[in-house]
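*Asks:* Structure in structure tokens, see below.
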Amino acid sequence: MALIVQKYGGTSVGTIERIKAVADRIIASREKGNQLVVVLSAMSGETNRLIGLASEITDRPSAREMDVLVSTGEQVTIALLSMALMSKGVPAKSYTGTQIKMLTDDAHSKARILDIQCEQMKQDLAEGTVIVVAGFQGVDEKGNITTLGRGGSDTTAVAMAAALKADECQIYTDVDGVYTTDPRVEPKARKLDRITFEEMLEMASLGSKVLQIRSVEFAGKYNVPLRVLSSFEEGEGVGTLITTEDNEMEQAVISGIAFNRDEAQLTISGVPDKPGVASDILGSITEANIEIDMIVQNVGDDGTTDFTFTVHRNDYKAALESLTKTGDVLGARKVYGSDSIVKLSLVGVGMRSHAGIASTMFAALAKEGINILMISTSEIKISVVVDEKYLELGVRTLHSAFGLETDGNLK
Ligand code: ADP
Ligand code: ASP
Ligand code: MG
């Protein structure tokens, strides 16, 4: 008998029909003798709808009340799925984050899980009950409802799997696995049978929202066998296994392409090139609680320097305001930016042992007339910032340049 944690995302529970289909899938797995813990998201669109309601009242809602509000979506689906299971004769019990004692810190809207009480769940499982848990939500020490950040149900599922020492954590979604890139942008994207935790973490961090970043971190840390599968596919697929690196894995040079539409770029030019300037500029941005992603500094031959960096698009206006103030103080020549840029990234552990990846990437983009605005590299990724109008063309160009529709090796 295996203990399986299954998570179903928003589209998988988006209608009553889909919820009934999920119930059938759970029953099929249970009939094979598996014990099941099921984690659910809200119906697709529901969390956005709730956020929209709040914005009709205020643009600065209390973080505590926001979590009370957005956590309601999951309470609906867990009750409905439990009813669907029971109506088919299968014992089921739903639990909210508070009921399951999913203890988190008190960082509303981005809380971290600290502890999960397993006794009650173990008892239910021993009695043959299917446990249905609300994803995305927890409770802090003082009993306040918290949430784990958008896409957080993935993390709930992995955390449950780690706490219960489950045999596998299965993430059911609307694609049948992790692809070389988002199949919505490149229809020639290829499904990967396996991907390492390290690469998946990089893909997620660089914008592939198929899994929440923290869920991959958690799975890697606690070695939770993690699989991404489709809830729309007939029968039992194999999906993509996220795993530690092993020698059996045929290692492609490039595993995938991620992109991020959520960034904006800012530049301050013509500031004095002397110690402390970087800290003045970037410090004022971080003081405004804005996270900086990529940073590039150019030194001019007139003793001045330019800084360009990226921030989340939601922070663009605030960052531009803060940078303009700093520019006035430092006597900058110009402060400007753009919120119509995207970041494209190539990811692959094979990069460590292969030269020439960057030059192939830049040449492929140049051939299509795509201008590169910024570049950043690390051991297993290369990212470029380009105008957002080049997103699709850029992704497809790189996908083909690196042979990703076949094997991810240089042509
Ligand atoms: P859920 O609601 O089930 O959590 P998400 O929308 O969060 O689903 O994640 C699934 C989506 O992730 C897919 O529909 C796909 O468009 C997108 N996606 C982005 N990058 C990838 C990738 N590399 N492989 C597969 N899907 C991807
Ligand atoms: N419902 C939440 C969201 O839309 C959590 C999740 O779906 O994972 O972000
Ligand atoms: Mg998701």
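The values are calculated or read from the model by the stated rules, or taken from the named source; none is laboratory data. The model shown is predicted, which means the values in this text are computed figures rather than measured ones. Every residue, glycine among them, receives a Cβ derived from its backbone with ideal geometry; neighbour counts consider all protein chains shown.
*Asks:* What number of residues in the range 247-267 are at pLDDT 95 or above and aliphatic (A, V, I, L, M)?
*Replies:* 4
*Asks:* Can you name the residue in the range 153-169 that is crowded, with 23+ Cβ neighbours inside 10 Å and either more than 20 Å from residue 99 (Cβ to Cβ) or not aliphatic (A, V, I, L, M) (or both) and is also farthest from ligand 3 (Cβ to nearest atom) among such residues?
*Replies:* Top of the filtered list is 169.
*Asks:* Let me ask something additional. Restricting attention to the range 97-117, which residues are in contact with an Asp or Glu (Cβ under 9 Å, 6 or more places away or on another chain), within 12 Å of residue 145 (Cβ to Cβ) and either assigned to a loop (DSSP other than H, G, I, E, B) or of a type in the set (Gly, Ala, Ser) (or both)?
*Replies:* Hits for the range 97-117 are 97, 106, 108, 109, 111.
*Asks:* Let me ask something additional. Name the single residue, out of those in the range 294-351 being more than 26 Å from the chain's Cα centre (by Cα) and of a type in the set (D, E, K, R), that is modelled with the lowest pLDDT.
*Replies:* Filtering the range 294-351 for residues that are more than 26 Å from the chain's Cα centre (by Cα) and of a type in the set (D, E, K, R), the one modelled with the lowest pLDDT comes out as 301.
*Asks:* Name every residue in the range 122-138 that is within 22 Å of the chain's Cα centre (by Cα) and free of Cβ contacts under 8 Å to residues at least 60 places away in the same chain, in order of residue number.
*Replies:* 138
*Asks:* Given the criteria over 23 Å from residue 136 (Cβ atoms), within 13 Å of ligand 1 (Cβ to nearest atom) and of a type in the set (Gly, Ala, Ser), does residue 204 qualify?
*Replies:* no
*Asks:* Wholly within the range 149-228, which helices (runs of 4 or more DSSP H) include no fewer than the required count, namely at least 2 residues that are of a type in the set (D, E, K, R) and away from ligand 2 (no atom under 16 Å from the Cβ)? Walk me through how you get there before you give the answer.
*Replies:* Details: elements: 153-164, 197-205, 213-221.
Fully inside the range 149-228 and qualifying: 197-205.
*Asks:* Return the residues of the range 25-56 that are under 22 Å from residue 156 (Cα atoms), among the acidic types (Asp, Glu) and more than 16 Å from ligand 2 (Cβ to nearest atom); say none if nothing qualifies.
*Replies:* Across the range 25-56, there are no qualifying residues.
*Asks:* Then there is this: Restricting to helices (runs of 4 or more DSSP H) lying wholly in the range 8-96: which have 3 or more residues that are under 22 Å from residue 117 (Cβ atoms)?
*Replies:* In the range 8-96, the matching helices (runs of 4 or more DSSP H) lie at 72-87.
*Asks:* Quick check: is even one residue across the range 215-223 buried (at least 22 other Cβ atoms within 10 Å of the Cβ), over 30 Å from residue 34 (Cα atoms), among the polar types (S, T, N, Q) and modelled with pLDDT of 95 or more?
*Replies:* no
*Asks:* Follow-up question, since we're still on this one. Applying the selection to the range 83-120, what residues are at pLDDT 95 or above and more than 27 Å from the chain's Cα centre (by Cα)?
*Replies:* Hits for the range 83-120 are 83, 84, 85, 86, 87, 88, 89, 90, 91, 92, 93.
*Asks:* Can you tell me which residues in the range 173-200 are more than 16 Å from residue 259 (Cβ to Cβ) and away from ligand 1 (no atom under 11 Å from the Cβ)?
*Replies:* If the condition is that a residue be more than 16 Å from residue 259 (Cβ to Cβ) and away from ligand 1 (no atom under 11 Å from the Cβ), then 193, 194, 196, 197, 198 are the ones that fit.
*Asks:* State whether the residues of the range 202-209 include one that is of a type in the set (A, V, I, L, M, F, W, C) and at pLDDT below 95. Even if it seems obvious, please write down each step before you answer.
*Replies:* Let us first name the residues in the range 202-209 that are of a type in the set (A, V, I, L, M, F, W, C), namely 203-204, 206.
From what's left, at pLDDT below 95: none.
Among the residues of the range 202-209, not one is of a type in the set (A, V, I, L, M, F, W, C) and at pLDDT below 95, which makes the answer no.
*Asks:* Also, quick follow-up: Tell me, which residue of the range 126-148 that is part of a loop (DSSP other than H, G, I, E, B) and within 15 Å of ligand 3 (Cβ to nearest atom) is surrounded by the most Cβ atoms within 10 Å (Cβ to Cβ)?
*Replies:* By that ranking, first place goes to 135.
*Asks:* Which residue out of 210, 224 is within 16 Å of ligand 3 (Cβ to nearest atom) and either within 23 Å of residue 112 (Cα to Cα) or in contact with a helix residue (DSSP H, G or I) (Cβ under 7 Å, 6 or more places away or on another chain) (or both)?
*Replies:* Of 210, 224, the one residue that is within 16 Å of ligand 3 (Cβ to nearest atom) and either within 23 Å of residue 112 (Cα to Cα) or in contact with a helix residue (DSSP H, G or I) (Cβ under 7 Å, 6 or more places away or on another chain) (or both) is 210.
*Asks:* Kindly provide the set of residues from the range 291-318 that are buried (at least 18 other Cβ atoms within 10 Å of the Cβ) and touching a His at 6+ places or on another chain (Cβ under 9 Å), ordered by number.
*Replies:* Of everything in the range 291-318, just one residue is buried (at least 18 other Cβ atoms within 10 Å of the Cβ) and touching a His at 6+ places or on another chain (Cβ under 9 Å), namely 293.
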